[in-house]
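Participant: Sharing a structure with you now.
The values are calculated or read from the model by the stated rules, or taken from the named source; none is laboratory data. Source: prediction; values computed, not measured. A quick note on method: Cβ atoms are made from the backbone with ideal geometry, for glycine too, and the neighbour counts reach across all protein chains shown. In case anyone asks, the SASA skips ligands and DNA or RNA and just uses the protein heavy atoms, side chains included. Shrake-Rupley method; radii C 1.70, N 1.55, O 1.52, S 1.80 Å.
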Amino acid sequence: MAMTTTRRRTRLFVVHTITVALGLHVVRQINWTANNAQFPPTFHMPSMIALDHPDAIARRRNTTLFPPPRDHPFAGARDANGHWGYVADPYMVRNHILLRFQRESGDAGATFDDMLKARYMPLEDHRDVNETDKVCETPPREGNEGDGWDVLVNKVVVGGPLPLPESPGDPREPPNGWRRGRPPASDAPPYFNTPNPPKIFCGMYTYHKKQYLLEAAVQSWAWRCDGFVAFSDVTDPRIGAVDLPHYGEESYGNMWQKVRSIWSYIHTHYFLDFDYFHLSGDDTLMIVDNLRNYLWSIDDENGTKPLYVGGAYKTQGVIVCGGGPGYTLNRVALHWLVNEAFAKPDHRADSGEDRLIGFTLRPLVHCYDTHDANGGQRYAGFDPTHYWHSCDKVRCSRNMVSQFKFWQDYVQKNVTGMDSISSQAVSFHLLRNQVMVKRVHAILYRTCPKGTVLGDALEKNHANSSSTVP
């Protein structure tokens, strides 16, 4: 009874605080239409940065000489020249990609809707790698997707998931059901029919040596988020990267401190502009349409119920949301995490940031059960190649076998192979290079044009699947 009373008081306090904040923010929100809510009206021209001399920048980045203005995790970020107080524009990536689309299409008046309908994804061809050949001119199953081709083409559906959350036959489902194999443009997700589709901020943790993965994300899925920022150790507005220092060193073994600073920065600067906040690593590919569709389907009691959403796994006897495929918080959970939990000093160095986030949130909320009605994972912890066959000791590592076994026990279904992945998958993890990110995205979103090997293969598969579906 005491624990229930404490939780109720905590929720009432958080809801009251957010309500006051939203009241102050209403002037900014009242003029937003449904389209503007999804595609912000502000438009910022990505500008060239005048960089100071490298010695001057290095000197400013010396925290002994130029200490942060506040203690971590609330110190804030630095601009490209090393000055504290930098606030990254969460719309910069989307606007930068739009400018490129306008230039390449020859239409200076092209809009975000035009870019979506064109299924735009720029490819980079240079000495190190020819992305056009690797992404669009490589036959099915011979690319990075391997046998994951079947998962991407015959199981996962972008924009029109089957089945809908928890209940096949949901009244929001079209009369003839969601059909596999249709291109995204022909299946409008249910949230498109609502006046206020959820606005999603996507955050990525990375560092300068993984810039190639960040650039692949920016050119494929990141601009589909309503806002995007990559939290790095360098600032580059062109790709949404921000230099966000944190307590301790920049290393995998100190991810907990990096993530504490990330969530604090998100709360400080973007809390009132978005409904949901997703955080993942640089080796994750998001299917943003499916994430938005899924979040729209969850009843958060009109924004008063805390949500902590992701792919479940068990650690130290506790089920938390895994950090690999990313996890998602709503405003209530984010506000409590930063204002209540992070207000207490914590200087631990730990790589298990997802485990510690789960432990920290336990007094408020547990990891939300996100499997679909058939037991399939939405937040996929591995790349698509691991979902086309049963994962045994011969095909998979001991860790993977253990995680798949946990999932079967968790959903109480003997799901294996493609049955263990949801047709509504929102993310894949462990995509190790930029070509793999773009190849998987190109298969899901059919970005390669007709006349290319991949474009024609997907068109043929679509025609075959359409002919077999009534």
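Participant: Which is assigned to a loop (DSSP other than H, G, I, E, B), within 22 Å of the chain's Cα centre (by Cα) and farther than 26 Å from Asp236 by Cβ, of Val151, Val156? Please lay out each step first, then the result.
Facilitator: Values: Val151 fails: assigned to a loop (DSSP other than H, G, I, E, B).
Matching residue, one of Val151, Val156: Val156.
Participant: For the range 110-153, give me the residue count where each residue is basic (Lys, Arg), touching a residue at least 60 places away in the same chain (Cβ under 8 Å) and over 30 Å from Cys391 (Cα atoms). Reasoning before the result, please.
Facilitator: Initially, the range 110-153 is screened for residues basic (Lys, Arg), giving 117, 119, 127, 134, 141.
Filter once more, keeping what is touching a residue at least 60 places away in the same chain (Cβ under 8 Å): 117, 119, 134.
Okay, now just the ones that are also over 30 Å from Cys391 (Cα atoms), so 117, 119.
Of the residues in that region, 2 qualify.
Participant: Take Ile319 and decide whether it is surrounded by fewer than 20 Cβ atoms within 10 Å (Cβ to Cβ) and either more than 29 Å from Val218 (Cβ to Cβ) or among the aliphatic types (A, V, I, L, M) (or both). Steps first, answer last, please.
Facilitator: Working: surrounded by fewer than 20 Cβ atoms within 10 Å (Cβ to Cβ): yes; either more than 29 Å from Val218 (Cβ to Cβ) or among the aliphatic types (A, V, I, L, M) (or both): yes.
Criteria met by Ile319.
Participant: Which residue out of Asp107, Asp71, Asp52, Asp89 is surrounded by 11 or more Cβ atoms within 10 Å (Cβ to Cβ), without any contact (Cβ under 8 Å) to a residue 12 or more places away in the chain and outside any helix (DSSP H, G or I)? Steps first, please.
Facilitator: On the way: Asp71 fails: surrounded by 11 or more Cβ atoms within 10 Å (Cβ to Cβ); Asp52 fails: without any contact (Cβ under 8 Å) to a residue 12 or more places away in the chain; Asp89 fails: without any contact (Cβ under 8 Å) to a residue 12 or more places away in the chain.
Of Asp107, Asp71, Asp52, Asp89, the one residue that is surrounded by 11 or more Cβ atoms within 10 Å (Cβ to Cβ), without any contact (Cβ under 8 Å) to a residue 12 or more places away in the chain and outside any helix (DSSP H, G or I) is Asp107.
Participant: While we're on this one: Out of the residues in the range 149-166 meeting the condition of being of a type outside the set (A, V, I, L, M) and at pLDDT 85 or above, tell me which one is most open to solvent (accessible area, probe 1.4 Å).
Facilitator: From the range 149-166, those of a type outside the set (A, V, I, L, M) are 149-150, 154-155, 159-161, 163, 165-166; that's our starting set.
Right, trim to at pLDDT 85 or above and you get 149-150, 154-155.
Details: Trp149: 14, Asp150: 38, Asn154: 61, Lys155: 28 Å².
In this case the residue turns out to be Asn154.
Participant: Okay, moving on. Mind checking which residues of the range 236-262 are among the hydroxyl-bearing types (Ser, Thr, Tyr), more than 17 Å from Glu340 (Cα to Cα) and crowded, with 21+ Cβ neighbours inside 10 Å?
Facilitator: Quick first cut of the range 236-262, residues among the hydroxyl-bearing types (Ser, Thr, Tyr) only: 247, 251-252, 261.
Among the residues that remain, those that are also more than 17 Å from Glu340 (Cα to Cα) are: 247, 251-252.
Matches in the range 236-262: none.
Participant: Another one. Would a scan of the range 403-414 turn up a residue that is in a helix (DSSP H, G or I), touching a His at 6+ places or on another chain (Cβ under 7 Å) and more than 18 Å from Lys210 (Cβ to Cβ)?
Facilitator: Of the range 403-414, the ones in a helix (DSSP H, G or I) are 403-411.
Of the ones still in play, those that are also touching a His at 6+ places or on another chain (Cβ under 7 Å) are 411.
With more than 18 Å from Lys210 (Cβ to Cβ) added as a condition, the list becomes 411.
Within the range 403-414 (the criterion being in a helix (DSSP H, G or I), touching a His at 6+ places or on another chain (Cβ under 7 Å) and more than 18 Å from Lys210 (Cβ to Cβ)), the answer is yes, since at least one residue qualifies.
Participant: Taking the range 351-394 only, how many residues are of a type outside the set (D, E, K, R) and touching a residue at least 60 places away in the same chain (Cβ under 8 Å)?
Facilitator: Within the range 351-394, residues that are of a type outside the set (D, E, K, R) and touching a residue at least 60 places away in the same chain (Cβ under 8 Å) number 20.
Participant: Here is a follow-up. Tally up the residues in the range 415-449 that are assigned to a loop (DSSP other than H, G, I, E, B) and under 13 Å from Leu123 (Cβ atoms), please.
Facilitator: Of the residues in the range 415-449, the ones assigned to a loop (DSSP other than H, G, I, E, B) are 415-416, 422-426, 429-433, 446-449.
Pick out the ones that are also under 13 Å from Leu123 (Cβ atoms) and you get 447-449.
So the count comes out to 3.
Participant: So, of the residues in the range 197-227 that are in contact with a strand residue (DSSP E or B) (Cβ under 8 Å, 6 or more places away or on another chain) and part of a loop (DSSP other than H, G, I, E, B), which turns out to be most open to solvent (accessible area, probe 1.4 Å)?
Facilitator: Filtering first and then ranking leaves Tyr207.
Participant: Given the criterion open to solvent by less than 10 Å² (accessible area, probe 1.4 Å) and within 19 Å of the chain's Cα centre (by Cα), identify the matching residue among Phe277, Phe271.
Facilitator: Working: Phe271 fails: open to solvent by less than 10 Å² (accessible area, probe 1.4 Å).
Residue meeting the stated conditions: Phe277.
Participant: Determine if the range 395-402 includes at least one residue that is free of Cβ contacts under 8 Å to residues at least 12 places away in the same chain and among the aliphatic types (A, V, I, L, M).
Facilitator: Filtering the range 395-402 down to residues free of Cβ contacts under 8 Å to residues at least 12 places away in the same chain leaves 395-399, 401-402.
From the residues that got through so far, the ones that are among the aliphatic types (A, V, I, L, M) too are 401.
So far as the range 395-402 goes, yes, one or more of its residues are free of Cβ contacts under 8 Å to residues at least 12 places away in the same chain and among the aliphatic types (A, V, I, L, M).
Participant: Restricting to the range 381-397, and then to whatever is open to solvent by less than 40 Å² (accessible area, probe 1.4 Å) and of a type in the set (Ser, Thr, Tyr), can you tell me which residue is modelled with the lowest pLDDT?
Facilitator: Initial filter on the range 381-397 (open to solvent by less than 40 Å² (accessible area, probe 1.4 Å)): 381-387, 389, 391, 396.
This time we only want the ones that are of a type in the set (Ser, Thr, Tyr), so: 385, 387.
Working: Thr385: 91, Tyr387: 88.
By that ranking, first place goes to Tyr387.
Participant: Let me ask something else about it. Do we find that Lys413 is touching a Gly at 6+ places or on another chain (Cβ under 8 Å), of a type in the set (Lys, Arg), without any contact (Cβ under 8 Å) to a residue 60 or more places away in the chain and over 19 Å from Asp282 (Cα atoms) in this structure?
Facilitator: Values: touching a Gly at 6+ places or on another chain (Cβ under 8 Å): yes; of a type in the set (Lys, Arg): yes; without any contact (Cβ under 8 Å) to a residue 60 or more places away in the chain: yes; over 19 Å from Asp282 (Cα atoms): yes.
Yes.
Participant: Would you please name the residue that is farthest from Asp71 (Cα to Cα), looking only at residues in the range 351-365 that are in a loop (DSSP other than H, G, I, E, B) and either open to solvent by less than 20 Å² (accessible area, probe 1.4 Å) or of a type in the set (A, V, I, L, M) (or both)? I'd like the intermediate steps shown before the answer.
Facilitator: Taking the range 351-365 as the starting set, the residues that turn out to be in a loop (DSSP other than H, G, I, E, B) are 351-352, 362-365.
Subsequent filtering for residues that are either open to solvent by less than 20 Å² (accessible area, probe 1.4 Å) or of a type in the set (A, V, I, L, M) (or both) retains 352, 364-365.
Numbers: Gly352: 22, Leu364: 25, Val365: 27 Å.
Out of the qualifying residues, it is Val365.
Participant: Give the residue that is most open to solvent (accessible area, probe 1.4 Å), with candidates limited to residues of the range 338-350 that are hydrophobic (A, V, I, L, M, F, W, C) and without any contact (Cβ under 8 Å) to a residue 24 or more places away in the chain. So that I can check it myself, show each step before the final result.
Facilitator: The initial filter retains those residues of the range 338-350 that are hydrophobic (A, V, I, L, M, F, W, C), namely 338, 341-343, 349.
Those still in the list that are without any contact (Cβ under 8 Å) to a residue 24 or more places away in the chain too: 341, 343.
Numbers: Ala341: 19, Ala343: 68 Å².
Among those residues, the one meeting the criterion is Ala343.
Participant: Can you tell which of Tyr294, Tyr265 is on the phi < 0 side of the Ramachandran plot, modelled with pLDDT of 95 or more, crowded, with 18+ Cβ neighbours inside 10 Å and under 18 Å from the mean Cα position of the chain (by Cα)?
Facilitator: Details: Tyr294 fails: modelled with pLDDT of 95 or more.
So the residue among Tyr294, Tyr265 that is on the phi < 0 side of the Ramachandran plot, modelled with pLDDT of 95 or more, crowded, with 18+ Cβ neighbours inside 10 Å and under 18 Å from the mean Cα position of the chain (by Cα) is Tyr265.
Participant: Ok, one more. Among the residues of the range 367-379, is there at least one that is surrounded by 20 or more Cβ atoms within 10 Å (Cβ to Cβ) and either assigned to a helix (DSSP H, G or I) or aliphatic (A, V, I, L, M) (or both)? Outline the logic, then answer.
Facilitator: Let us first name the residues in the range 367-379 that are surrounded by 20 or more Cβ atoms within 10 Å (Cβ to Cβ), namely 367, 370-372, 376-379.
Those left that are additionally either assigned to a helix (DSSP H, G or I) or aliphatic (A, V, I, L, M) (or both): none.
Looking for residues that are surrounded by 20 or more Cβ atoms within 10 Å (Cβ to Cβ) and either assigned to a helix (DSSP H, G or I) or aliphatic (A, V, I, L, M) (or both), one finds none in the range 367-379, hence no.
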